[in-house]
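What follows draws every value from the coordinates through simple rules; no lab data is involved. Just so it is clear, the structure is predicted and the values come from calculations on it, not from any experiment. Using ideal geometry, Cβ is built from the backbone for each residue, glycine included, and neighbour counts are taken over all protein chains shown.
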Amino acid sequence: MENIAGNFIMIFILLANFLFVLFILCIERKNPSLALSWILALVFLPIIGFILYLLFGTNIVIRKKKTLEMKRQQDLFYHLSTITRIKLKGDSLALQHKELFTYQKLLNFNYNVGTCPCTFHNDVQIFIDAQEKYFQLLHDIKQAKESIHLLYFIIRDDKIGRKIIAALAKKAKEGVKVRLLYDHAGCILTPSRTFAPIIDCGGEVKRFFPISISNYLRVNFRNHRKIAVIDSKIGYLGGMNIGDEYMGLSPEHSPWRDTHLRIQGESVYFLQSRFIEDWLFACNYRNVEQFSDSEKFFPPVNQECIIPMQIVSSGPDTAEEEIKWNLMNLLNSAKSTVCIQTPYFVPDESFIEAIKITVLSGIKVMIMIPHKTDNMVVHKVSLSYLGELLDYGVEVFLYPGFLHAKMMVIDETVATIGSANMDMRSFSLNFEVNAFFYNEEFAKRCKRIFSDDMKEARPFTLQEYNNRNWGERMIEGVFRLLAPLL
C-alpha cells in the first residue's frame, strides 16, 4: 500500500509539473529564455521550482490587480497627465521644436509608447559623489516650505539614513507635508522604528508591496526608483539610495561610484506625477482627492535654462518594457560611439543582439562594469555576456571599485541616466525611472564622466576571458542558464 501511495504521489507531481510547464510556455511565450530557465528549475527541482515560480516567476497577479484598479486610477491619471500638458505651454512640449528635429524619432517613440512628452526648460545638476548629493538633498529638505516627497528602494538605518530621517521629521513638525515611500523588499533589513520620528511628527510613511503571506505573489516586484520632489519644484532621480555605503564607507565596496541628478524645471512635473501614482498605489487609492490641487503639486515653472528631456518609467504593470525599448532605440540611432555604465549586465537576447548589430555596423561600443561586486553570481553572469560581446569587438572596462551608475551616452548628443540597470530584472520586473536628454552640451558632460572613469578602469580582454579554467566555465554556464531568474 505504501508503494502504491508513493507511486500515486510521484505520478501526481509529474503530471502537475507537466501541466505547469505548459502553463509557463503559454505565459512566458514572449520571453523564451525566461521560460527555459523556469522549466529547468521545474525539471530539476519539481516541488521547490513550483513554489519559487509562485513567489518570483509571474506578474499575472500584478497586472490583474492593475486592471481591476484601472477604473479607480484612470480619473487620477487623466487628471495628472492633463495637468502636466496644460502647464507646459508653447514650445515646452518640444516635439515640433526645430532644434530637436534630429531627435524626432526618439521623441516620438517615447511619447507614443510611454506618453512621455519632451520638456524644454530644465536645469540639471549631475552628482557623481554621494556626499555632495546628500548635502544638496538635505539643504533642499531644510529649505522646503510646502511638501517633501521621497521614494527610495533602500533606506539604511545608518548615519546618513538617520540624518535624513531626522531632517524629514523636523520639517513635518514645522508643518511641511512629508510623504516617504520605500520598497519593503529593499528595506527588509531596516527596522520599521527607523521611520517612527517622521510619523510621530505628523509625516506619512508607506511601504511599497509589503512582504506578507497574503502578498507572497508580489515579492519579486520591487520599486527600484529613487525619486525626491521638494516643494513640487526640485526633483531628484538616479542610482543613489540612502545609505553610508554610497559614500564609500563600506570597505568591501569602496570606492563607490554612482550617478544621480537634481532637476529644476518642467520635467519635475513628471517626477511628481510618478511619485503620486506610486504613493496612491501603495495606499490602495484612498484619499485621491488630497492631490486634487494642481497649483500646489504642479506650480508654474519659470526656468530659463534649456535642456530638452523626457522622464520615462517602466514596470511589471505594463506590457511594454519602455526603458529597455528606449535603450535599444538609442543603440539603433548611434552613428559613432556608445558608452554604457551599469553595475550588472544581464540583458535578454534581444538586447544582446541589438549591441551586436550596433558594433557590427561600425559603431564603437564601450561598456563599463565594476570590478568589485555585491553579488558574485550576477557578476559572473555579467562577465559571461560581456565575454561573448568581446568577440564582436565591444570594448569592456572594469572599474576598480563598485560602479553603481546607470548611464548610456550616444554620439555625445543623447544621454540617459536613471535607476535601471542593464539587466532583465530592471527591464521586466522592477519599477524603474530614467531621464533621457537631447542636448549636446549635457551629453558631452556625461561623456567626460565616462572618460574620467576610464582613467581609473582597466580593460577586460578577450584573452583574459578565454583563460578561464574549466571550473569557472562550468559554473558560469549554469549561472547563465538561470540568468533570467537573477
* To do: List, in the order given, every pair from Lys177/Lys206; Lys226/Lys335; Lys364/Lys455; Lys226/Lys447; Lys226/Lys324 whose Cα-Cα distance in the structure shown is over 20 Å.
  => Lys226/Lys335; Lys226/Lys447
* To do: Taking 7 Å along the Cα-to-C-beta vector as the label spot, tell me the Lys444-Gln125 distance in nanometres, rounded to one decimal.
  => 2.3
* What is the pair-distance distribution P(r) of the stretch 316-389, computed from all Cα-Cα distances in 5 Å bins starting at 0, with each bin given as a whole percent? -> 3, 14, 25, 23, 18, 13, 4, 0
* **Dimensionless Rg ratio for the stretch 220-290, taking C-alpha atoms and the 2.2 N^0.38 Å reference** => 1.36
* Can you give me the Cα centroid spacing of the stretch 169-201 and the stretch 332-373 in angstrom? -> 38
* Asked: Using 7 Å Cα-to-Cβ label points, what is the Thr461/Lys170 separation (nm, one decimal)?
  -> 5.4
* Using only Cα atoms, what is the ratio of the radius of gyration of the stretch 173-330 to 2.2 N^0.38 Å? -> 1.14
* Asked: From the square roots a ≥ b ≥ c of the eigenvalues of the alpha-carbon gyration tensor of the stretch 244-364, which class results: rounded (a/c under 1.5), prolate (a/b over b/c), or oblate?
  -> prolate
* Structure fact -> Length gained if Tyr285 through Ser254 is fully extended, taking 0.36 nm per residue and subtracting the Cα-Cα distance, is 7.0 nm
